[in-house]
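See structure below.
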Amino acid sequence: MSIEWFRDLIISICGLVATGVLIFLAMLSYSLYRRIKPILRSIKATSRTIQGISNYTGDKVAKPLIEVTAVIEGIRQGINMVTKFAKKKEGNRDV
C-alpha cells in the first residue's frame, strides 16, 4: 500500500460523505417546505382578508368622511372670507 492509495481512499470517503450530506439537506429542506406550505397559504388568505377589509373601510368610511370634512372646511373658509370682507367694509366707513 502506497500513499496514493490512501489519498484516493480519503478522497472517495469525503465524496461519499459530501453526497450523503447533500441528500440529507435536500430531504430536510423538502420536509420543511411541506410543513411551511400550509402556513404560507394561511398567511396569503389572511392578507387577502385584510386587504378586503381595508378596501371596504376606505370606500365606505374614509371617502365619505373626507368628503364631509372637505365640505365643512369649504363652508368654514367661505364664512371666514365673508367676515374678512365685512370687517374691511366697516374699517373703510371709519375713515
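Between (i) 112; (ii) 99; (iii) 154, which entry matches volume of the Cα convex hull per residue in Å³ as derived from the coordinates of this structure?
This structure yields the entry labelled (iii).
Quick one: helix 3-57 against the long Cα principal axis of the chain, what's the angle to the nearest 10°, folded into 0 to 90?
The two axes meet at around 20 degrees.
Since every read-out is calculated from the coordinates, none of them should be taken as a lab result. These numbers were taken from a predicted model, which means no experiment stands behind them.
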